[in-house]
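**Q** To start, I am sharing the structure in question, which I have written as structure tokens.
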Amino acid sequence: MLKKIIPLLLITMSFSANAYNFSSYNSAFSNADYREAINMGLKFFGGQRCGDSHNWMLVNNPELTKKYCHIQDGKGSVNGGGNGNYDLTGGWHDCGDHIKVGTTMGYAAVSLLIAYDIWPEAFQDNYDAEYGAPNKIPDVLDEAKYATDYFIKCFPDNNTFVYYVGSSDDHRVWMTSSKQSERPVNEGGDPRPVWTASNKGGPQAANYASALALMAMKYPDAEYKELCKTYALKAYEFAKRNKSEHAAIPEFYGSPNSEWTDELSLAAILLYRLTGDTQYKTDALNYLNGKWESNSPLAWDTMSDFSYYYIVKDDPTANNGQGGTYINHLEKNVFNLHLLTAQSNSNGFPYYASRWGTNKLALGGAVSAALYKKLVDDEVITSEHNMNEVKNYINRIIDYVLGNNEFNHTFLHGFKGDMTYRIHHRNAMGRNDNP
């Protein structure tokens with residue numbers, strides 16, 4: 001109990017001495033600026049594309065003769081043994097690296113598709129899948145399809161789940177993904193190692209199921225929707241059989257996260273929305289029953305706030321059995337964790353300790369607040385909280401990341417012409433000389 005109380009006391013002490021008042025905050029950017037930011041952030045996923053996928057960072061690089069990369073994925077060693085015969089081309093690279101990681105790719109795809117599911121009006125159709133003329137499909141679906149196409153390939157049979165392609169050899173050279181593909185295997189070249197699981201990886205597979213379920217509900221092509229539904233169900237069944245153990249990412253991510261109920265509950269409640277089968281709803285509630293998952297903002301290892309949103313949207317009175325209703329849990333996360341932490345900082349920006357980036361966690365907190373506000377705006381719930389303060393908190397986090405901060409510098413590369421010289425992204429830097 002003391003471990004829970006002391007951080008709150010420290011936050012409260014700092015809040016009283018150095019409080020940030022969200023009630024008077026005004027947005028720092030115009031609607032046109034926010035439109036530019038969302039389109040830039042979305043198009044970044046096109047620079048993450050792997051394979052022969054019209055990655056615009058490769059296509060637009062005049063130094064490259066080959067505009068594709070890693071077209072032999074699936075033909076390399078499998079789990080450290082003999083070579084495979086899979087087609088694992090496509091998908092997204094991980095961060096500024098060229099490996100393909102199920103944990104982070106699944107979370108990224110789920111996040112994009114949930115954003116489109118909840119706020120479809122925010123997304124435009126500016127281009128087709130190859131950045132040509134608009135194709136009457138929102139760009140967010142064009143981008144996310146590269147992930148869901150890959151997720152389908154990751155279940156070659158009912159007992160095999162591909163959760164990782166590549167190795168730490170990826171980090172031996174600094175060059176574009178196209179050039180690196182031509183290097184030896186021990187420098188990240190083709191054919192790269194493949195890692196599969198048959199008795200673990202349930203939480204990662206659940207994220208794939210969530211993304212596929214959302215695509216099955218939202219993509220305009222009926223044949224592709226049905227394909228995504230088939231594989232969403234297959235991914236969920238694998239996740240359910242292997243729910244309690246993450247598949248550890250070799251060499252990079254250390255011990256797997258022990259939590260799994262958030263990923264499984266999200267997949268289940270989305271499958272309920274897709275199919276109407278009440279067993280999935282029962283699963284979603286049972287996974288989280290008696291448990292409050294609230295230790296961290298939304299991130300690639302913490303999905304509970306997404307699940308809370310969809311459970312509450314279906315039934316605002318749904319009771320968790322520990323601490324009351326699911327909306328109580330989302331409310332505690334937003335107001336007792338995120339807003340209070342941000343108010344205690346002079347910039348109104350919560351600095352969550354993380355070796356993987358505080359912006360990611362701050363934005364995760366802003367998303368949780370946006371989920372809560374959406375439930376209020378849609379009159380799913382009523383709230384005694386000041387929704388204008390919640391809106392200003394969300395705006396403050398976004399504005400901070402876009403450049404209204406003590407550095408006077410954006411974290412969205414190129415936004416309003418603000419460039420970073422040594423961006424940590426090899427295709428964006430576009431160099432092949434291994435500096």
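**Q** Of all accessible surface on the chain at a 1.4 Å probe, what whole percent is carbon and sulfur? Each step should come with its number before you reach the end.
**A** Working: 9490 of 18730 Å².
Roughly 51 percent of what the probe reaches on the chain is carbon or sulfur.
**Q** Which value does Rg/Rh take for the range 178-261 over its C-alpha atoms, Rh per Kirkwood?
**A** 1.10
**Q** OK, next. For the range 142-200, just say rounded, prolate or oblate: build the C-alpha gyration tensor, square-root its eigenvalues into a ≥ b ≥ c, call rounded for a/c under 1.5, and beyond that prolate if a/b exceeds b/c, oblate if not.
**A** oblate
**Q** Quick check: the angle from helix 202-218's long axis to the longest principal axis of the chain, C-alpha only, nearest 10 degrees?
**A** Compared with the principal axis, the helix lies near 90 degrees.
**Q** Quick one: accessible area per residue over the range 351-435, 1.4 Å probe, rounded to a whole number of Å²?
**A** Computed with neighbouring chains in place, this is 53 Å² per residue.
**Q** Near LYS225, which aspartates and glutamates are there with a Cα under 20 Å away, not counting those fewer than 8 places off in the same chain?
**A** ASP117, ASP125, ASP128, ASP139, ASP142, GLU143, ASP149, ASP157, GLU237, ASP277
**Q** How do 369-376, 418-425, 318-325 rank on mean C-beta neighbours within 10 Å, highest first?
**A** Going from most to least packed, we get 369-376, 318-325, 418-425.
**Q** If I histogram all Cα-Cα distances within the range 282-372 using bins 5 Å wide from 0, what percent of pairs lands in each bin?
**A** Spelled out per bin, shortest first, that is 3, 15, 26, 23, 16, 10, 6, 1, 0.
**Q** I would also like to ask the following. Taking just the C-alpha trace of the range 95-208, give me its Rg and Dmax in Å.
**A** Considering the range 95-208 through its Cα atoms, Rg and Dmax are 16.3, 46 Å.
**Q** A further question follows. How large is the charge dipole for the chain, taken about the Cα centre, if only the Cβ atoms of Lys, Arg (+1) and Asp, Glu (-1) carry charge, to the nearest 20 debye?
**A** Around 660 debye, computed over the chain.
**Q** Average the reciprocal distances over every distinct pair of alpha-carbons in the chain, invert the result, and give the Kirkwood radius in Å.
**A** Result for the chain stands at 22.5 Å.
**Q** Still on this structure, I have one more. Give me the angle, in degrees from 0 to 90, between the Cα long axis of helix 304-314 and the longest principal axis of the Cα atoms of the chain, rounded to the nearest 10.
**A** 70 degrees
**Q** Where Lys and Arg each count +1 and Asp and Glu each count -1, what net charge lies around TYR372 among other residues with Cβ under 14 Å from its Cβ?
**A** Spelling it out: positives minus negatives among the neighbours equals -2.
**Q** Which of the peptides 75-81, 111-117 is most tightly packed, and how do the rest follow, judged by the mean count of other Cβ atoms within 10 Å per residue?
**A** Ranking, from highest mean packing down: 111-117, 75-81.
**Q** Take every Cα-Cα distance within the range 342-383, group them into 5 Å bins from 0 onward, and report for each bin the whole-number percent of pairs it holds.
**A** That works out to 6, 22, 20, 19, 14, 12, 7, 1, in percent per bin.
**Q** Something else: Going through the cross-link list LYS281/LYS373; LYS200/LYS291; LYS179/LYS200, which pairs have a Cα-Cα distance over 30 Å in this structure?
**A** LYS179/LYS200
**Q** Quick one: angle between helix 31-43 and the longest Cα principal axis of the chain, in degrees between 0 and 90, rounded to 10, please.
**A** With both axes taken from Cα atoms, the answer is about 40 degrees.
**Q** Dividing the convex hull volume of the Cα atoms of the range 194-346 by its residue count, what figure in Å³ per residue is obtained?
**A** Normalising the Cα hull of the range 194-346 by residue number yields 143 Å³.
**Q** Where does the range 40-151 land on Rg/Rh, using Cα atoms and the Kirkwood Rh?
**A** Here Rg/Rh amounts to 1.00.
**Q** Give the residue list of GluC sites (Glu not before Pro) in the range 371-401 that are DSSP loop and have at most 16 other beta-carbon atoms within 10 angstrom.
**A** Those satisfying the criteria are GLU379, GLU384.
**Q** Which value does Rg/Rh take for the range 99-164 over its C-alpha atoms, Rh per Kirkwood?
**A** In the range 99-164, Rg relative to Rh is 1.05.
The values are calculated or read from the model by the stated rules, or taken from the named source; none is laboratory data. Not measured: the values here are computed from a predicted model. Positions of Cβ are generated from backbone atoms using ideal geometry, with glycine treated the same way; all protein chains shown enter the neighbour counts. SASA here: full protein model, heavy atoms, side chains in, ligands and nucleic acids out. Shrake-Rupley method; radii C 1.70, N 1.55, O 1.52, S 1.80 Å.
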